[in-house]
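This report refers to the structure that appears directly beneath it.
The values are calculated or read from the model by the stated rules, or taken from the named source; none is laboratory data. Quantities reported herein were computed from a predicted structural model and do not represent experimental measurements. Cβ placement follows ideal geometry from the backbone for every residue including glycine, while neighbour counts extend to all protein chains displayed. Side chains included, ligands, DNA and RNA excluded: accessible areas come from the protein's heavy atoms. Shrake-Rupley method; radii C 1.70, N 1.55, O 1.52, S 1.80 Å.
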Amino acid sequence: MRKILVPHPILTLFITLVWLLLANDFSAGHVVLGLILGIGIPQITSVYWPERPKIGAPLVIVEYVLVVLWDIIVSNVQVARLVLFHRGDALRSTFITVPLELTAPEAITTLAGTITMTPGTVSTDLSADGRALLVHCLDVDDPAGTVAQIKARYEARLKRIFE
Amino acid sequence: MPIVAEFLIAALIVVGAFFLLVGSFALAKLPDMMRRLHGPTKATTLGVGSILIASMAYAAVVRGTLSIHELLITLFLFLTAPVTAFMVAKAHILRDRRERAKLPPTGSEKGWATLDPSPGSTDELAGFERK
Amino acid sequence: MITLACQIALVAIGLSVVLNVYRIVAGPDVLDRILALDTMVINAIALIVVIAMLFEAPTYFEAALLFAMVGFLTTVSFCKYLLRGNVIE
């Protein structure tokens, strides 16, 4: 019964929330309309979502979001300093390879997005077998240290969330 | 209106505008494509983010109404900025032969997904290289 | 004080748009121009939000949201075209 009515509970919640934000009105009428959309749309489109990611450890998710938000602020200040006070040619930018332990596509997507948003790194490409991520660093003096930091700070937490 | 709230909102607006300026400045100043990519993806998201937070706080404090739909734009930008950067970077390493020579190995027998010659795509690769 | 902050922000964002125009003109590659246009869209969103605050006109919100969506779609379809040779496969 639950599977038929709400095939994708997180999507239902998300659509309802987006509807409420779009309407910018949190009255009961809009909550009901949002719920109708939130239950109807996943049912119609559930054919396109054959596999659902397993998401666990809600506390780790909160921790992860806070860590990433903090890193975004720090990275902005760092990049602003590099851009304003260093010559462009003097930046030691290089490509590094980050070997992946994650296998879930959602987890790899989240990791790639996080890397792009955080200190001086942009994810560039994924290897054809999905085992390694190509990352470009703006200014780095210890490539191995950067790889270790990415793995410890983000990948370990994502592993606990998605697996 | 409390003076502290007013000061905080004004500070958020100015900080946001500063980061937007830094992002665009990085785009104009840095010497090559991959380095330029760092400026806009980071600085602009925080820039727009803090201006939108200021806008929400402004509605709450000055007009006394709850208006949090700016959160939607922030969320949308934070989800799409990495995708944009990823697509631009992929197109860049596909088109630029010199950049391709600099890439490190993947650590397995397969190559990078953008460049790995799958059946029928090698001609395409040559056609879209930067002249 | 907020009015002053908004005016400073308008000047700074205007300057950013000028820098984006410089990158669009200077190139050198088509991808630099795509990236500059994408940055310009983000600057435009910030401009709309600041103007909405300055004029106290909350209806500008929809314009900003539509700008964000259209900007993202154009950038991705440009890049997709460069990667694949067509947009819809």
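General observations
- Lone qualifier among A:62, A:67 - being open to solvent by less than 50 Å² (accessible area, probe 1.4 Å), more than 10 Å from chain B (Cβ to nearest Cβ) and out of contact with any strand residue (DSSP E or B) (no Cβ under 8 Å at 6 or more places or on another chain): A:67
- Among residues of the range A:88-118, those that are assigned to a loop (DSSP other than H, G, I, E, B), open to solvent by less than 50 Å² (accessible area, probe 1.4 Å) and more than 8 Å from every other protein chain (Cβ to nearest Cβ), counted: 4
- Elements of type helices (runs of 4 or more DSSP H) in the range B:25-100, at least 1 residues being touching a Gly at 6+ places or on another chain (Cβ under 6 Å) and farther than 19 Å from residue C:9 by Cβ: B:70-95
- Criterion (within 7 Å of another protein chain (Cβ to nearest Cβ) and under 20 Å from residue B:21 (Cβ atoms)) met by exactly one of B:51, B:93, B:68: B:51
- The residues of the range C:5-41 that are part of a helix (DSSP H, G or I), without any contact (Cβ under 8 Å) to a residue 12 or more places away in the chain and within 7 Å of chain B (Cβ to nearest Cβ), listed by number, are C:5, C:8, C:12, C:15, C:19, C:22, C:32.
- In the range A:33-53, the residues that are open to solvent by less than 80 Å² (accessible area, probe 1.4 Å) reach residues that are of a type in the set (Gly, Ala, Ser) and part of a helix (DSSP H, G or I) with C-beta atoms within less than 9 angstrom, at least six apart or across chains, in these pairs: A:33/A:23; A:34/A:23; A:53/A:107.
- From the list C:44, C:57, the one residue that fits, being part of a helix (DSSP H, G or I), more than 7 Å from chain B (Cβ to nearest Cβ) and open to solvent by 10 Å² or more (accessible area, probe 1.4 Å), is C:44.
- Given (1) more than 30 Å from residue B:44 (Cα to Cα); (2) free of Cβ contacts under 8 Å to residues at least 12 places away in the same chain, index of the condition residue A:89 fails: (1)
- Filter pass, residue A:6 being under 25 Å from the mean Cα position of the chain (by Cα) and open to solvent by 40 Å² or more (accessible area, probe 1.4 Å): no
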